[in-house]
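Sending over a structure as structure tokens; questions will come in a sec.
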Protein chains: 2
Amino acid sequence: MVGVDIGATKISAGLVGPDGRIRLHGGRSIHANDGPTAVLAGVVDVVERLVEPPARPRAVGVGVAAQVERGSGRVLYAPNLRWHDLPLADRLGKALGCPVTIENDVRAATVGEWRHGAGAGRDDLLTLWVGTGIGGSVVSGGRLLEGSSNALGEIGHMVVVAGGRRCHCPGRGCLEAYAGGWAIAERARERIASEPELGRPMVGRATSPEALTAAIVTAAARDGDPLAVELMRSTSGYLAAGAVSLVNAFNPELLVVGGGVVEGWPEALGAMASAIRNGCQPPAAAAVRVVPAALGPDAVIVGAGRLAHDRLLGAERAGRPAPRTKRGGHP
Amino acid sequence: MVGVDIGATKISAGLVGPDGRIRLHGGRSIHANDGPTAVLAGVVDVVERLVEPPARPRAVGVGVAAQVERGSGRVLYAPNLRWHDLPLADRLGKALGCPVTIENDVRAATVGEWRHGAGAGRDDLLTLWVGTGIGGSVVSGGRLLEGSSNALGEIGHMVVVAGGRRCHCPGRGCLEAYAGGWAIAERARERIASEPELGRPMVGRATSPEALTAAIVTAAARDGDPLAVELMRSTSGYLAAGAVSLVNAFNPELLVVGGGVVEGWPEALGAMASAIRNGCQPPAAAAVRVVPAALGPDAVIVGAGRLAHDRLLGAERAGRPAPRTKRGGHP
């Protein structure tokens, strides 16, 4: 099975075994100005380097940062790629001559961690990905939840400060508006503007306050810069409040936490676990453990490959014919 | 089918038809000092007035404000009734000579609204009950979610103000700590203490500031008392923040809202709908409607009766024998 991760700046892919291990990696860069046709040609190229024609993959799964229509594999909206209403599963399926499954990348990564990573063997878990943005996904009673319009799991946009900071979404006070990478950088710039002396060492690490990133703030905190430490500790505090909300609302047995911000500042996991222990409803607190994601950047590839595998199996069990192909071989 | 609602001060019950309508009502008062034996005798008495021996009900469903063990119908903890580790399903089943299903009362009320109330025919909905406390429950993909330790849905304890007001639970800044009935009264007392002149008319409605309740604050707001209006508007604001979190996290098609606080201040529903429209992720906002609960105080009885019906049907379909009984008849 082939899993593909279409990101904002690159396509990554892998040949995924039934055990969830990636047997062979592939990838290439893309640019924001590449239109869908160029990106799709890039995906075909990457896949055909993993499974060389005339052989073809049995099925391909794709994770993409997009709102995906349930069932059809149509991308309704992908802000980073500027795609609107693109029949991605159909177009890739025709080009590759095999069934293609499309899933939102956060969902795909969750399936990866659930089936082959930190959540293997569990029936009730949440993932929380803290990168530039914050996303997550929910497995409850052994099922990946989808919601009424396939949009369940926007847990970065749970409100942790009613009436608080403006978010990049239409809301205010969202978890992401405090603890997402962009928000950490924004909060750093504001603190530096109000206390330039205290901020000078951190600005010295960037070319200008505008060039500050969460990674720079994290590195400064790691070196003991007082303002950076203050910022990362308050980031942990907001993530802890979000974790309490999630555990009270969803009662998972695992909260799987990944993404660049917490990889850079793993102290956040301890703060989340402690807040859950001290602040959650006792039955929910007793049931859950906070664990780091296990698959790193491969989670989307592994999960997308697994979804393609499961849907192919489902189709075969239901007796549907495999789609026609002009090429031979079924690796 | 018989549905029973064991509350803190009374037992209410009804003979529930397959259409969810209550054909006959019954009930009696209980006291906080009644032990479990007295309360159980009260339940048996109420049920036997609805279905007179030697006839017996085919099945009885009970909703109770408690943490219930999945499967066994054992009450692990019921704070209002001061019950710990009580085998409620077994004891009532023996006394009544029929299968008894026990469910948390918020879940039972949700089943009532889902199957026979505001949510009839829907597969993805949330209930939010705003009374003295705040609770809720989640139906996703046509299934009532339970969580890993049967504690899913403590949505009154989602954090809306990180580091905010102390809650009655171990946490801080919970939705309930701002918008639950007890919290509205507490916030009113604090405002009155800081502005006694402004608070005088509201205190005049109670015997003392300590005797203030959310119902008194709501009635004062209804009459235009400025401090009470301010308090109920801010209550709406916190409920709106909670609604945004819920819709972003769960992507329901309906948010069913009930309970004494919003029955007294239905403006809160408009505030919630408006905040969702303006502050949620667009796909989630477009999918959902905010509607009032339809069954009022009967929701627990209807839902508990329905659960008993469904579980009996499930047992019969699975070919399990109906439990033996010493009495005749199956109304």
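The values are calculated or read from the model by the stated rules, or taken from the named source; none is laboratory data. These numbers come from a predicted model, not from an experiment. All Cβ positions, glycine included, derive from the backbone under ideal geometry; neighbour counts span all protein chains shown. When the accessible area is computed, the model is the full protein with side chains, heavy atoms only, and any ligands, DNA or RNA have been set aside. Shrake-Rupley method; radii C 1.70, N 1.55, O 1.52, S 1.80 Å.
Give the residue that is farthest from the other protein chains (Cβ to nearest Cβ), with candidates limited to residues of segment B:289-302 that are part of a helix (DSSP H, G or I) and β-branched (Val, Ile, Thr).
So, considering only residues that are part of a helix (DSSP H, G or I) and β-branched (Val, Ile, Thr), the one farthest from the other protein chains (Cβ to nearest Cβ) is B:Ile301.
Something else about it: In the set A:Ala241, A:Ala219, A:Ala286, which member is among the hydrophobic types (A, V, I, L, M, F, W, C), within 14 Å of another protein chain (Cβ to nearest Cβ) and surrounded by fewer than 17 Cβ atoms within 10 Å (Cβ to Cβ)?
A:Ala286
Please find, among A:Arg166, A:Arg122, the residue that is over 23 Å from B:Leu152 (Cα atoms) and either more than 10 Å from chain B (Cβ to nearest Cβ) or out of contact with any Cys (no Cβ under 8 Å at 6 or more places or on another chain) (or both).
One residue alone meets the criteria, A:Arg166.
Separate question: Mind telling me which of the residues A:Glu186, A:Glu197, A:Glu190 ends up being open to solvent by 10 Å² or more (accessible area, probe 1.4 Å), under 22 Å from B:Cys280 (Cβ atoms) and assigned to a helix (DSSP H, G or I)?
Exactly one of A:Glu186, A:Glu197, A:Glu190 is open to solvent by 10 Å² or more (accessible area, probe 1.4 Å), under 22 Å from B:Cys280 (Cβ atoms) and assigned to a helix (DSSP H, G or I), namely A:Glu186.
Between B:Val47, B:Val68, B:Val130, which is touching a helix residue (DSSP H, G or I) at 6+ places or on another chain (Cβ under 9 Å) and closer than 30 Å to A:Ala151 by Cα?
Answer to the check: B:Val130.
I want to confirm something. Restricting to segment B:89-136 and keeping residues that are of a type in the set (Lys, Arg) and more than 28 Å from B:Gly171 (Cα to Cα), which single residue is nearest to the chain's Cα centre (by Cα)?
B:Arg115
Being among the charged types (D, E, K, R) and surrounded by fewer than 22 Cβ atoms within 10 Å (Cβ to Cβ) narrows it down to one of A:Asp90, A:Asp5, so name that one.
Testing whether each residue is among the charged types (D, E, K, R) and surrounded by fewer than 22 Cβ atoms within 10 Å (Cβ to Cβ) leaves just A:Asp90.
Report the residue count in segment B:57-72 for those that are open to solvent by 10 Å² or more (accessible area, probe 1.4 Å), of a type outside the set (A, V, I, L, M, F, W, C) and outside any strand (DSSP E or B).
5
Just give me the residues in segment A:222-235 being open to solvent by 10 Å² or more (accessible area, probe 1.4 Å) and in a helix (DSSP H, G or I), in sequence order.
Hits for segment A:222-235 are A:Arg222, A:Pro226, A:Val229, A:Glu230, A:Arg233, A:Ser234.
Go through segment B:41-56 and count every residue that is assigned to a helix (DSSP H, G or I) and either of a type in the set (Asp, Glu) or within 22 Å of B:Leu81 (Cα to Cα) (or both).
8
Which residue pairs have Cβ atoms closer than 7 Å, lie 6 or more positions apart in sequence or on different chains, and pair a first residue in segment A:285-297 that is closer than 14 Å to A:Ala243 by Cβ with a second residue that is basic (Lys, Arg) and surrounded by fewer than 21 Cβ atoms within 10 Å (Cβ to Cβ)?
Listed pairs, sorted by first residue: A:Ala285/A:Arg277.
Of the residues A:Arg107, A:Arg165, only one is farther than 20 Å from A:Pro297 by Cα, of a type in the set (D, E, K, R) and either out of contact with any helix residue (DSSP H, G or I) (no Cβ under 9 Å at 6 or more places or on another chain) or modelled with pLDDT of 95 or more (or both); which?
A:Arg165
Among the numbered conditions (1) buried (at least 24 other Cβ atoms within 10 Å of the Cβ); (2) within 11 Å of chain A (Cβ to nearest Cβ), tell me where B:Asn150 comes up short.
Here B:Asn150 clears every test but (1).
Right, something else. Of these, A:Ser12, A:Ser29, which one is surrounded by fewer than 23 Cβ atoms within 10 Å (Cβ to Cβ), in contact (Cβ under 8 Å) with a residue 24 or more places away in the chain and away from chain B (no Cβ under 14 Å)?
A:Ser12
When segment A:1-17 is examined, which residues are found to be farther than 18 Å from A:Ile102 by Cβ, in a loop (DSSP other than H, G, I, E, B) and either in contact with a Lys or Arg (Cβ under 9 Å, 6 or more places away or on another chain) or among the basic types (Lys, Arg) (or both)?
Passing the criteria: only A:Gly17.
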